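Taking it in order: structure first as structure tokens, then the write-up.
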Amino acid sequence: MAYVKWIFWALVVLVVGGFLHYTLPRHETLRLVESEVRRVELAGTNGLFWGSAEPADATTGSRDVKFISAVDEGGKPLVLRNEDTGWGWPPYFKFNSSDLQARAADLISNTSNPQWVSVEYYGWRSQLFSIYPNALKLTAVDSPNVRVIPWLNIIILTVLVVLVLVVRALIKRFWRNRVDPVVARVAEGFDDAEDAVGDAQTRFRGKRQKFREWWVETFG
């Protein structure tokens, strides 16, 4: 039973952790190398990871998606999509994908004269499933070694931890004040029933013994 409990909580942590890792914003300092628009088929295993604010073509199930290609200081590439989130999830209320694409085109540079950009984004990059993170903000910086403190993530995670602790305390209090007394009364009821059955068995044995003694005395 203990294994089932640990497996359950491990799955909960895995699901919640994966959800937060995908949804919360991250920052990387990159050099932008290209901005383009591609026609993308939205059906398939990666359909969930495309933005829903921009409708697809009703006939083909495809639409144009903006992309931004970048590399880090070591030359590792990262391709991001640039889609509006609108009023949907995650709640970044992003409506400026066109302006962001123009900003990306303006910040493109080469290796001889690099312009480093702090890219804020959310999501995952998977080459196997053709999943791309979504760019949120581009900020020109002077160095590839710029460090960005994720204040929003810190605040959100702190609030979540506080909420979990508060809910845990409320559940423990409810269990102590409401459930434990009921369980105790039920247990007492079972104990009383067992005592009553034991008393009845004792009385029955006593009467049976008296009957045997009477039978022996009467009929020998």
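Derivation of every value follows stated rules applied to the coordinates shown; laboratory data play no part. In this text, all values refer to a predicted model and were calculated from it rather than measured experimentally. Note that we place each Cβ from the backbone using ideal geometry, even for glycine, and neighbour counts take in every protein chain shown.
Comparing mean-square fluctuations of LEU32, LEU157, LEU128 from a GNM of the chain with C-alpha springs under 10 Å, the top value falls on LEU128. With a ≥ b ≥ c the root eigenvalues of the C-alpha gyration tensor of the stretch 2-148, is it rounded (a/c under 1.5), prolate (a/b larger than b/c) or oblate? Judged from the Cα gyration tensor, the stretch 2-148 comes out oblate (a/c at least 1.5, b/c at or above a/b). Bridging of LYS137 to lysines at a Cα separation below 16 Å is possible for LYS66, LYS94, once same-chain residues fewer than 8 apart are set aside.
For the stretch 1-107, the list of chymotrypsin sites (Phe, Trp or Tyr not before Pro) that fall in a loop by DSSP and count at most 14 other C-beta atoms within 10 angstrom reads TRP87, PHE93, PHE95. Each Lys or Arg adds one and each Asp or Glu takes one away; over the other residues whose Cβ falls under 15 Å from the Cβ of TRP151, this sums to +2.
If R0 equals 30 Å, the separation of the Cβ atoms of ASN110 and VAL12 corresponds to a calculated FRET efficiency of about 0.05. Selection among PRO133, TRP9, ALA70 by position relative to the dipole of the stretch 2-148 gives TRP9 as farthest towards the positive end (Cβ unit charges, Cα centre). Straight-line reach from LYS5: taking Cα to Cα under 20 Å and skipping same-chain neighbours fewer than 8 places apart, the lysines in range are LYS172.
Angle of helix 97-106 to the longest C-alpha principal axis of the chain, folded into 0 to 90 degrees and rounded to 10: 50°.
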